[in-house]
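Enquirer: Quick one: this structure, given as structure tokens, is what I'll be asking you about.
The values are calculated or read from the model by the stated rules, or taken from the named source; none is laboratory data. If you're wondering where the values come from, they're calculated on a predicted model, not measured in any experiment. Cβ sites come from the backbone with ideal geometry, for glycine too, and all protein chains shown count toward neighbours. To get the accessible areas, we keep the full protein, side chains included, count just its heavy atoms, and leave off ligands, DNA and RNA. Shrake-Rupley method; radii C 1.70, N 1.55, O 1.52, S 1.80 Å.
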Amino acid sequence: MTTTKSDDSRRKDVRRQGAIAHRAQRLRARGAASAPNGDAEAMTRDAALDCGWGRLLFAQTFESPAALAAALATEEPDQRDIAAYATDPHVVLAAAPQELFLDPSHTYRLDLSTYRASSRRPRGFVVRRLATEADAEAVNRIYLARGMVPTRPGFMFAHRDSRTLVYLVAEDATTGAVVGTVTGVDHRSAFGDPEGGASLWCLAVDTQATAPAIGETLVRHLAELFQARGAQYLDLSVLHDNRQAIELYEKLGFVRVGYFSLKRKNPINEKLFIGPPPDEAFNPYARIIIDEARRRGIGVEAIDAEGGFFRLTHGGRSIACRESLSELTSAVAMSICDDKAVTRRIVERAGVAVPDETEATSREAVAAFLARHGAIVVKPARGEQGRGVAVGIRGVEEAMAAIERARRHCDRVLVEQFVKGEDLRLIVIDYRVVAAAVRRPARVVGDGRSTIRALIEHQSRRRAAATGGESRIPVDEETERCLAEAGFGLDDVADLGKELQVRRAANLHTGGTIHDVTDGLHPALAEAAVRAAWAIGIPVTGIDFVVRSPRAPDYVFVEANERPGLANHEPQPTAERFVDLLFPLSVPAGTRRAAVSQEAAR
């Protein structure tokens, strides 16, 4: 069924676009009128600023569209050049139609002569200049988590005092961790801009940050810095469909202007010019695999996008998948993973360490088990995504209530010895560990004025936005139990900086966060995960351990997941290894040669 806008709605759209065009024209005129000394000859020609992730080419400084196209053709490998301020992008594209594309982004401008700073100060974090190599490494980690191109090692630190490139970071007031970043470019310093402008690039906030308004505060600080320098305006480029960012910028006073950006067709930019996937309803766990398949020329057919089902076809081979569950996983292996008690028995026989466990058959049996271990975990024998799981229970009444909640998901309920430690997820593909990450339960940080309920709602929205709606913090009996243990209720107000854990289970679907530890993983943990996968006979699985530390050999097995979320482990190459397993002949030649060399070295 199709719908059309009402006449009134269309008139509003026309008026809004007209207002945008009028304000943009006025801003351009004001910028030209305020050009320092009106000296256009002082402007650098063919200006290309190295930003570490690529070059920023200022299109207005190039003699011709052909010259700009030729400059873009010199882009370095693994870099992303951007030609900004193109007023005639179609002419540039005509010079190299096979190599270039028009970036689907809008340009927005903030008039710094009328901008007014906010009187509201941030809480829970501070904004400062990037100062150390550790700051630069943290910024690159945020870039990678956000799917952005990181800067070359050492680049940001080397340019920390640059007048042309301005690096600001948001630092968590409690932990000292960098939780956000923005880069500014001073156009007068970069190429002698006669309009006296500046621009904003690489705004990014850690997906697991808890403080509100980090992005807005970074934008405001950058605007105020350039305003103090006497800049006339602050520009930025934002993807046309990033509604959340566009709403923020428009709230701050940015307006659309008629400039465009051009980029080179390369693997980094691929998703911007190859078009949308077969069905936009796919969740992130299916989409990461589909995107990798399409990069290799593997055909994708949507079977049921809402459920995450699709079919991949390459040559004469065709494989149906549901996210990371494929036809290569047998029904027997899936059945083993489905029943946690069966999984535990099978991996224990393979020599994998497991915690003590029993079925919740009676109150007396539960009380005896609790007395023996002091604290227990209650979970349904069948289930996924942390539903019905309660962790760290110490009282019989509390245990019986948790068992009743677990029975809503499965009539058989298990009680397990509680082992203190961190929750570790290992992704095993083709019987090799590809990624490892520590998962931590959902938490909120008090701001001294919001109720805990409001803090949970805010953090839940942020987690949902960062995971395509897959991660949310439930407000239920388990949440209330966790808060009660800390002496709080949902409608209480926590002091500024007070950290509260609101869930015990470290599951991403219930608002947990994930932290990559692949590089420092102890070999004994990797070996145990592979042994568990072989025992089950499953080629793709997520093995969960409780560990003292991912760098130490001690662990106990928790469960095996037959459909692990590969998207949770970026930037580790989980999707690449999954598609390698399904279609070995699609592996790029360079990757195959490197793998052969590594095997020979062993």
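Enquirer: Collect residues whose amide H, placed 1.01 Å from N in the peptide plane, falls under 5 Å from the amide H of Phe125; neighbours closer than 5 in sequence don't count.
Expert: Those lying under 5 Å, H to H, from Phe125 are Ala173.
Enquirer: Something else now. For the chain, what is the mean residue ellipticity at 222 nm derived from helices alone (per DSSP H run of n ≥ 4: -39500 (n - 2.57); sum divided by total residues; nearest 500 deg cm²/dmol)? All intermediate terms of the calculation are to be shown ahead of the outcome.
Expert: Working: 19 runs with 206 residues, N = 602.
Value at 222 nm, helices only, nearest 500: -10500 deg cm²/dmol.
Enquirer: Mind putting a number on the dipole of the range 134-290 about its Cα centre? Charges go on the C-beta only, +1 for Lys and Arg and -1 for Asp and Glu, and I need it in Debye to the nearest 20. Walk me through the numbers on the way to the answer.
Expert: Numbers: 16 positive and 18 negative charges, 87 e Å.
Result for the range 134-290 is approximately 420 debye, rounded to the nearest 20.
Enquirer: Between Asp492 and Ile274, what is 0.36 nm times their sequence separation minus the Cα-Cα distance? Round to one decimal in nm. Provide the component values of the computation, followed by the final result.
Expert: Details: separation 218, 0.36 × 218 = 78.48 nm, distance 4.97 nm.
In short, 73.5 nm is gained.
Enquirer: Give the distance, in whole Å, between the Cα centre of the range 280-298 and the Cα centre of the range 133-153.
Expert: A separation of 24 Å, based on Cα centres.
Enquirer: Let me ask another. For the range 487-542, what is the largest minus smallest coordinate of the Cα atoms on each principal axis, given in angstrom and ordered from greatest to least?
Expert: 49, 23, 16
Enquirer: Separate question: For Gly180, enumerate residues with amide H under 5 Å from its amide H, sequence gap 5+ or separate chain, H modeled in the peptide plane.
Expert: Ala170, Asp206
Enquirer: Using the basic label-point model (7 angstrom from Cα toward the beta carbon), what is the Trp534 to Arg152 distance in nanometres?
Expert: 4.4
Enquirer: Moving to a separate point now. Counting only heavy atoms of the protein chains, get the accessible area per residue of the chain (1.4 Å probe) and round it to a whole Å² value.
Expert: Values: 27780 Å² over 602 residues.
I get 46 Å² per residue for the chain.
Enquirer: Label points 7 Å out from Cα along the Cβ direction at Lys420 and Ala134: separation in nm?
Expert: 2.7
Enquirer: Contact order normalised by length for the chain, with contacts defined as Cα pairs under 8 Å and 6 or more residues apart; what percent is it?
Expert: Details: 1127 pairs, mean separation 76.5, N = 602.
RCO, the chain: 13 percent.
Enquirer: Also, quick follow-up: Ignoring everything but the protein chains, give the 1.4 Å probe accessible area of Ser362 in square angstrom, nearest 10.
Expert: That residue has around 40 Å² of solvent-accessible surface.
Enquirer: Please give the solvent-accessible surface of Ser318 in Å², to the nearest 10, using a probe radius of 1.4 Å with every protein chain present.
Expert: Counting only protein heavy atoms, the figure is 50 Å².
Enquirer: What ³J(HN,Hα) values, in whole Hz, does the Karplus curve 6.51 cos²θ - 1.76 cosθ + 1.60 give for the range 53-59 when θ = phi - 60°, with x put for Gly and Pro?
Expert: 9, x, 9, 9, 9, 8, 4
Enquirer: Starting from 0.36 nm per residue, how many nanometres of slack lie between His90 and Thr313 once their C-alpha separation is accounted for? Walk me through the numbers before you get to the answer.
Expert: Values: separation 223, 0.36 × 223 = 80.28 nm, distance 3.59 nm.
That pair, His90 and Thr313, stretches by 76.7 nm at full extension.
Enquirer: Pick the calculated Rg and Dmax of the Cα atoms in Å for this structure from (1) 27.1, 89; (2) 26.2, 81; (3) 32.7, 149?
Expert: Recomputing Rg and Dmax of the Cα atoms in Å here picks out (1).
Enquirer: Given a Förster distance of 30 Å, report the FRET efficiency between Ala302 and Val342 from their Cβ-Cβ distance, rounded to the nearest 0.05.
Expert: Working: r = 33 Å, r/R0 = 1.10.
The calculated FRET efficiency here is 0.35.
Enquirer: State the percentage of accessible surface on the chain attributable to carbon and sulfur atoms; use a 1.4 Å probe and exclude ligands, DNA and RNA.
Expert: Details: 13800 of 27780 Å².
So the carbon and sulfur contribution to the accessible surface is 50 percent.
Enquirer: Can you tell me how much longer the chain between Met400 and Glu480 gets when fully stretched, taken as 0.36 nm per residue apart minus their C-alpha distance, in nm with one decimal?
Expert: Details: separation 80, 0.36 × 80 = 28.80 nm, distance 1.61 nm.
Residue separation times 0.36 nm, minus the Cα-Cα distance, leaves 27.2 nm.
Enquirer: Given Cβ point charges of +1 (Lys, Arg) and -1 (Asp, Glu) and nothing else, what value in debye, to the nearest 20, does the dipole of the chain about its Cα centre take?
Expert: Values: 80 positive and 81 negative charges, 160 e Å.
Result for the chain is approximately 780 debye, rounded to the nearest 20.
Enquirer: Please list Phe62, Phe226, Phe157 from largest to smallest accessible area, probe radius 1.4 Å, with all protein chains kept in place. Could you put the intermediate results ahead of the total?
Expert: Working: Phe62 30, Phe226 0, Phe157 55 Å².
Ranking Phe62, Phe226, Phe157 by accessible area, largest first, yields Phe157, Phe62, Phe226.
Enquirer: Right, something else. With only Lys, Arg, Asp and Glu charged, each at its Cβ (+1 for the first two, -1 for the last two), find how big the charge dipole of the range 124-180 is about the Cα centre; round to the nearest 20 debye. Present the calculation step by step, with values, prior to reporting the outcome.
Expert: Values: 7 positive and 6 negative charges, 43 e Å.
It comes to approximately 200 debye.
Enquirer: So for Ile336, Ile246, what's the accessible-area order with a 1.4 Å probe, most first? Numbers along the way, then the final one.
Expert: Numbers: Ile336 20, Ile246 0 Å².
Solvent-accessible surface, decreasing: Ile336, Ile246.
Enquirer: Please name which of Gly297, Tyr259, Leu426 has its Cα lying farthest along the dipole of the chain towards the positive end, using unit charges on Cβ (Lys, Arg +1; Asp, Glu -1) and the Cα centre as origin.
Expert: Checked the options; the winner is Tyr259.
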